[in-house]
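Have a look at the structure below before the remarks.
The values are calculated or read from the model by the stated rules, or taken from the named source; none is laboratory data. Not measured: the values here are computed from a predicted model. Ideal geometry is used to build each Cβ from the backbone, glycine not excepted, and the neighbour counts take in all protein chains shown.
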Amino acid sequence: MKLKKALLFFVNQIFFIYKVLSVLVWFFKIKNALKKSDNILLSEGGFGHSIIDPEMLRRMYVNMKNTCIVFQTPVHNPYVGLFWNDVDVFFFKSYIRVKFLSHESYIELRYGNYKLIVKIIKALLTFYCSARVMNYIDFSRECIKRLTFGTEADSFYRKNIVSTGFKSFYLLNLMESVPLQNPRLPKNVRENILSHILKYCNLSVRPKLCCIYLRAKGQATNDNTSTLRIGAELESFVPAITYLVKEDFVVLVTGDMSISKEYEACFNKKIISAEFLDVCPQLFSLFSHSESDIWIGNLGGGSWMPVLREIPMLVVDMYPYGSGLKDAWILLKPVYDETGNLVHYSRMFNDFLFDYNLKDNWRVLHNSPETLLVSIKEMLDSLKNNHVSETNTAYLKSFGNHLFLKYYNMKIPTVWYDLFAE
């Protein structure tokens, strides 16, 4: 036992030294670029934060040199910084992979003590640069301070400030109040990915593109903030994909789930994933999220790209109900109580808007493939005719003056309301 403790202590000390040295090596590689910065944000979060944080930074500090440092984990896309030419995005790799037995097996070691790493990096930056250096807490406080709390929507989020909703709310506020050109991938990257798509589909002109984003992150964990946002399997999307292909869309599948080659023949090469093309998977993912004509998928980091690019979107199996995305169509996960009865949506919006921890024996389920298909048809019809059906409008009015739906201007497919009429 003593030998085991001693060995564990020795390994921890070696890993600690490695962490400190890796910080120093990384810092000296980019120190000259950092010295030119006016504001430096240490972004600690998942993929979504690496999209939201740079965009907020450039709109909060206009005409200044802004830098965002992302603590990279396997969920991050290292090319996301290509979207901005007015924000420098650097990644600090916060994990290592050690090969185990074969090249296909590895052990992943993550830097457990983020606070220590953040303190070291912040101290280095403060000493070396004249820039304002903010960690996640500093930045969140700045966002809250800048909210005027003058409107009813602001007041609503002040009451719910414990949620992370205020950050997305403030970003949407900034997008309206600080008009800047929306971020976009460089032209050469877009043209390269598109040329591969055209070649694969044997097309000469750009087709209509639909991105389908499938989220599986958190399947092996007990973290409700991840598991409750997991979407259904690709099979549930097959009726919808069949319809989209008939409507002359080429479907780009990205996210955490891969698709098999059998789908290639089924849809006559009108469904594509990065594995089918000779392109970088990460760049294909960014292209799909940001250059498609419509976006359909689960709530996750990738769902912020169509928001920033103002692409029509349908969020499938959204949970929690308080995850606001401006102007989106949202297909919410139905929730059933301990008796097996469907919990009415008015109760979910009023009492469980941001709740991941529901009552015992309550179940949060996926929507059916049929519900998804009808929802997509309604969204496309609305886009084609530039209006929302009278039935849908009437349902939205039934919420009364609910500030959340009112501010975000979100639309819920009519077929979803029909679940409560059964």
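Enumerate the pairs (first residue in the stretch 321-345 and closer than 15 Å to ILE230 by Cα and modelled with pLDDT under 90; second residue anywhere and surrounded by fewer than 20 Cβ atoms within 10 Å (Cβ to Cβ) and of a type in the set (A, V, I, L, M)) with beta-carbon separation below 7 Å, excluding pairs fewer than 6 apart on the same chain, so at least 6 apart or on different chains. Partner pairs satisfying both residue conditions: TYR321/LEU353. Exactly one residue among SER22, SER43, SER50, SER102 is surrounded by 14 or more Cβ atoms within 10 Å (Cβ to Cβ), at pLDDT below 85 and of a type in the set (Ser, Thr, Tyr), and that residue is SER22. Do we find a residue being within 15 Å of the chain's Cα centre (by Cα) and either at pLDDT below 85 or not assigned by TED's automatic domain parsing to the domain that holds VAL315 (or both) anywhere in the stretch 230-247? Yes. Return yes when PRO186 is in contact (Cβ under 8 Å) with a residue 24 or more places away in the chain and surrounded by fewer than 16 Cβ atoms within 10 Å (Cβ to Cβ) and no when it is not. Yes, satisfied. If I ask for residues that are modelled with pLDDT of 95 or more, among the hydrophobic types (A, V, I, L, M, F, W, C) and within 14 Å of the chain's Cα centre (by Cα), which ones from the stretch 288-303 would you list? Those that are modelled with pLDDT of 95 or more, among the hydrophobic types (A, V, I, L, M, F, W, C) and within 14 Å of the chain's Cα centre (by Cα): TRP295, ILE296.
With the structure loaded, tell me whether PHE349 is modelled with pLDDT under 85, assigned by TED's automatic domain parsing to the domain that holds VAL415 and over 17 Å from ILE412 (Cα atoms) or whether it fails that test.
Details: modelled with pLDDT under 85: yes; assigned by TED's automatic domain parsing to the domain that holds VAL415: yes; over 17 Å from ILE412 (Cα atoms): no.
Answer is no for this residue.
Suppose the filter is at pLDDT 90 or above and either touching a Cys at 6+ places or on another chain (Cβ under 8 Å) or surrounded by 12 or more Cβ atoms within 10 Å (Cβ to Cβ) (or both); does PHE91 pass it? Don't jump to the end; show me each part of the working.
Values: at pLDDT 90 or above: yes; either touching a Cys at 6+ places or on another chain (Cβ under 8 Å) or surrounded by 12 or more Cβ atoms within 10 Å (Cβ to Cβ) (or both): yes.
Yes, satisfied.
Here TRP362 passes the criteria (1) modelled with pLDDT of 90 or more; (2) buried (at least 19 other Cβ atoms within 10 Å of the Cβ) except the one numbered (2).
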